[in-house]
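**Q** The structure under discussion is supplied below as structure tokens; questions concerning it will follow.
The values are calculated or read from the model by the stated rules, or taken from the named source; none is laboratory data. Computed from a predicted structure; not experimentally measured. Because the Cβ atoms are built from the backbone with ideal geometry, glycine has one as well, and the counts that use them run over all protein chains shown. Ligands, DNA and RNA are stripped out before the accessible areas are found, and what is left, the full protein with its side chains, is counted by its heavy atoms. Shrake-Rupley method; radii C 1.70, N 1.55, O 1.52, S 1.80 Å.
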Amino acid sequence: MGLFTRFTDIINANINSMLDKAEDPEKMIKLIIQEMEETLVDVRSTAAKYIAEKKTLQRQIDNTEKTIASWNTKAQISVQKGRDDLAKLALKEKYKFTEELTQLTQEMARLDEYLLAVQEDASRLQDKLIEAKRKQASFVLRQQSAEVRLKVRAQATVHNIDEAISRFERYEQKIDRVEAQVEAYDLAQPKNLESEFRALEAEAHLEDELAQFKKQVANA
């Protein structure tokens, strides 16, 4: 059974308070880190799913735009040939796909919002994980410090004591330099695809747009 039941439990968790209450703080911090890492995998999997859905949806949008352009061209040709009946049918198809494009565009906007939220969650969780690992590193250093002090006290001469303390301080400085170089894992955040498509406005009546096509043909 995990320590946390929800993502928000991890984000809101007070690690110091949990460790203060734990009988075995070192074991507790290991469990906390393990569950955070597992949750981070789940969050990234969700992000990958949304990215895949966006790619599929983008292909649908592209195809729908091409279809709209195709029916628009057919309507123009029909007017030029004096086939108003075919032009009207073409315009009906154009409007049908225009409505579909509007729905697809709205769905793309929702996916963008979901993906942004998941990426923000991943970033927050990564920060929390870094905090936990720093606490774990602190336990390791404290243990090393205690072991060094125990060894020093067992030694008989003062010069050995000074040498052991100096050696530990150098090791501690090395740990500090290594920690200073550690960077948070950077979630490969994909660039957001442009999802703003201008919805085509249908004329109030098919006859009005048909008249415009006739006017264009007459002036050509």
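**Q** Taking the Cα-to-Cβ direction at LYS49 and at LYS215 and moving 7 Å from each Cα, how far apart do the two end points lie in nm?
**A** The two pseudo-label positions are separated by 5.2 nm.
**Q** Heads up, I need the accessible area for THR102: 1.4 angstrom probe, whole protein in place, Å², nearest 10.
**A** Taking all protein chains as shown, THR102 has close to 50 Å².
**Q** Quick one: dipole size for segment 40-100, taken about the Cα centre, charges +1 on Lys/Arg Cβ and -1 on Asp/Glu Cβ, in debye to the nearest 20.
**A** Around 140 debye, computed over segment 40-100.
**Q** Moving on. Would you tell me the accessible area of LEU31, worked out with a 1.4 angstrom probe on the heavy atoms of the protein chains, in Å² to the nearest 10?
**A** Here the residue's solvent-accessible area equals roughly 70 Å².
**Q** If you take all C-alpha pairs in segment 50-148, what percent of them are over 21 Å apart?
**A** Across segment 50-148, Cα pairs with separations above 21 Å total 61 percent.
**Q** Using heavy-atom solvent-accessible surface (probe 1.4 Å) with all chains present, what is the largest-first order of LYS215, LYS74, LYS128?
**A** LYS215, LYS74, LYS128
**Q** Rounded to two decimal places and with Rh computed the Kirkwood way over Cα pairs, what is Rg over Rh for segment 1-117?
**A** When Rh is taken as the Kirkwood radius, the ratio is 1.42.
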